[in-house]
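J.: I'd like to ask some things about the structure below.
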């Protein structure tokens with residue numbers, strides 16, 4: 001059967017957000033600008049980045065996403081995620097160990113409602129006609145610098161975004177437990193571009209992805225979309241085998 | 001109705017020294033038995049880098065071995081990847097002609113373009129280009145087979161005048177097929193006068209609509225080859241057992257394992273934004289639809305269970321317009337080899353006689 005992750009998440013979970021109620025209502029986030037690039041990574045980290053509940057993709061991948069939300073219930077914010085491409089059973093997903101956000105209010109709300117494991121950082125996203133560039137700076141250091149070069153229009157239907165599995169803690173049956181929270185936003189696209197991906201810098205340790213080494217560019221896209229943050233429907237127990245790990249709420 | 005085998009050649013971990021050897025030997029044994037039992041054809045895929053799911057990167061070699069170990073069964077390249085980073089159209093024509101000669105005119109020639117980033121990225125192929133190069137190759141390969149000398153100035157491929165040798169044994173050339181995984185490719189097959197090599201495991205209703213449209217469109221086709229190959233070929237899982245419950249349970253385990261492995265791969269669509277590959281991950285969705293059923297029920301279109309149930313399933317496929325069914329027999333050896341062989345024997349004894357094969361061949365062998 002396919003390879004599975006070997007990572008023990010206990011070190012991560014202590015710092016993960018606590019989601020005490022799994023009944024957060026949807027958020028409508030109009031006009032989000034989403035820059036995403038994908039890289040293949042070295043196979044030495046194929047299983048070490050993921051917990052036992054998840055299979056790595058073949059080949060192993062990282063998906064870097066920086067999204068500017070100009071409107072939200074907590075005001076504008078920019079969110080940066082570096083996710084590991086994976087499968088939960090047979091379903092395509094992106095595992096998020098740590099992300100960054102430029103707004104304390106958004107950081108708190110996203111953590112409490114959807115289990116986003118975020119830290120505060122300076123996150124910028126700049127759209128130009130020849131390129132779209134994003135940078136994440138934390139503790140006075142650039143931990144992600146990525147660019148889509150030479151954007152060309154495509155249809156939003158040509159894009160496919162992964163649902164996230166956010167590392168979090170949840171309260172189940174009176175106990176606090178480590179869980180991956182599935183977050184699968186809906187997207188109504190206004191425009192979309194693709195281009196050549198370029199990764200200027202990436203500090204794997206800062207994203208809790210020690211050993212992840214981007215080696216081969218795959219794709220880059222930029223979209224403007226109305227995003228609906230979903231109601232939580234699924235949890236994954238990270239320590240269980242893939243076919244036993246998913247809990248439907 | 002004609003019956004065949006379809007091989008992905010999936011190899012379970014751990015990959016020890018004998019693992020791939022053993023799986024290949026099991027497949028060859030299945031082919032030899034199928035030939036003795038009167039199965040009509042054996043198909044093998046061309047896949048690269050697809051860990052566990054398919055270790056069948058040199059199907060021309062495997063199929064030649066099949067031909068050398070059998071007498072009658074036809075051998076199907078399912079498919080030649082018509083993408084220049086994977087193959088070369090001259091070489092593809094030459095290899096196919098040689099296979100046709102050494103097999104005594106038993107080659108079926110399938111064409112396609114790959115659907116995973118795992119493969120396309122591995123070869124450095126541009127996903128935007130694959131449909132275009134497939135289209136160009138399917139027009140020129142039959143001319144390479146039938147013209148004494150061939151020259152071509154094309155978009156992605158050109159060559160000066162040369163004699164491409166040898167020529168196929170079947171005249172004018174082997175039947176040509178298109179692998180149909182993306183929605184609409186069955187119409188591409190019809191428009192070009194090619195057989196539809198369906199790989200989607202769709203249920204009856206879904207397939208009936210597609211087949212009806214294929215039959216309607218092919219009447220007005222502009223054939224790429226020297227003749228129209230109006231045939232609908234489909235893939236199914238086979239596990240036949242006297243005990244219907246055991247047969248269905250084992251067959252569902254086989255189908256579930258296969259689908260699980262297939263969905264670990266990185267589809268082109270999931271990695272690279274392009275209109276060249278359809279949205280929504282349709283192939284996994286179709287596979288799920290076709291192989292899942294409410295608790296306690298058997299998926300309607302799968303050839304699993306006892307002979308009576310399988311015969312009923314085959315009759316329904318025949319009724320919706322399918323000409324041939326090729327069976328996947330195993331996935332990472334989840335079914336013991338002896339049970340696979342017993343299943344084949346039982347199917348041949350109890351089910352095949354109920355579906356007499358049409359006697360006339362599609363293309364006639366005969367050398368010069």
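J.: Taking chain B as the reference, fit the longest principal axis to its C-alpha atoms, fit the long axis of helix B:19-37 to the helix C-alpha atoms, and give the angle between the two in degrees, 0 to 90, nearest 10.
T.: 90 degrees
J.: A further question on this structure: Any idea how far apart residue A:175 and residue A:139 come out in nm if each label point goes 7 Å out from Cα toward Cβ?
T.: 3.3 nm
J.: Further question: For residue B:68 paired with residue A:157, estimate the spin-label separation in nm (one decimal), with each label point 7 Å from Cα along the Cα-to-Cβ line.
T.: For residue B:68 paired with residue A:157, the spin-label model returns 4.9 nm.
J.: Which value, in Å³ per residue, describes the convex hull spanned by the Cα atoms of segment A:95-249?
T.: Cα convex hull per residue, to the nearest whole number: 148 Å³.
J.: Shifting gears a bit: How many nm separate the modelled label positions at residue B:16 and residue B:249, each set 7 Å beyond the Cα in the direction of the Cβ?
T.: Once both label points are built, they end up 2.8 nm from each other.
J.: How many percent of all Cα-Cα pairs in segment B:2-365 sit more than 38 Å apart?
T.: When all Cα pairs of segment B:2-365 are counted, 11 percent exceed 38 Å.
J.: If you rank A:58, B:298, B:141 by fewest surrounding Cβ atoms within 10 Å, what's the result?
T.: Fewest-to-most ranking of A:58, B:298, B:141: B:298, A:58, B:141.
J.: What whole-number distance in Å separates the alpha-carbon centres of segment B:56-73 and segment B:121-196?
T.: If you average the Cα positions of each part, the centres end up 22 Å apart.
J.: Can you list the residues of segment A:24-57 with backbone N under 18 Å from a point 7 Å past the Cα of residue A:226, pointing along Cα to Cβ?
T.: A:26-34
J.: Let me know the whole percent of all Cα-Cα pairs from the protein assembly as shown that are separated by more than 39 Å.
T.: 35 percent
J.: Compute the FRET efficiency between residue B:29 and residue B:312 as 1/(1 + (r/R0)^6), taking r as their Cβ-Cβ distance and R0 = 22 Å, and round to the nearest 0.05.
T.: 0.15
J.: According to the square roots a ≥ b ≥ c of the eigenvalues of the Cα gyration tensor, what is the shape class of segment A:1-130, taking rounded for a/c under 1.5, prolate for a/b larger than b/c otherwise, and oblate for the remainder?
T.: oblate
J.: Something else about it: When B:47, B:173 are ordered from fewest to most other Cβ atoms inside 10 Å of their Cβ, what list results?
T.: Placing the least packed residue first, the sequence is B:47, B:173.
J.: On to the next question. Under 20 Å from the 7 Å Cα→Cβ point of residue A:112, by amide nitrogen: which residues of segment A:17-35?
T.: A:17-29
J.: Return A:127, A:141, B:210 ranked ascending by Cβ neighbour count within 10 Å, so the fewest neighbours appear first.
T.: Ascending Cβ contact count within 10 Å gives the list A:141, A:127, B:210.
J.: A follow-up question, please. Tell me whether segment B:1-128 comes out rounded, prolate or oblate; compute the Cα gyration tensor, take square roots of the eigenvalues as a ≥ b ≥ c, and use a/c under 1.5 as the rounded threshold.
T.: Because a/c hits 1.5 or more and a/b fails to exceed b/c, segment B:1-128 counts as oblate.
Bear in mind that the values in this text are calculations on the coordinates, not laboratory data. Predicted model only: the values in this text are computed from it and were never measured. We place every Cβ from the backbone using ideal geometry, glycine too, and count neighbours over all the protein chains shown.
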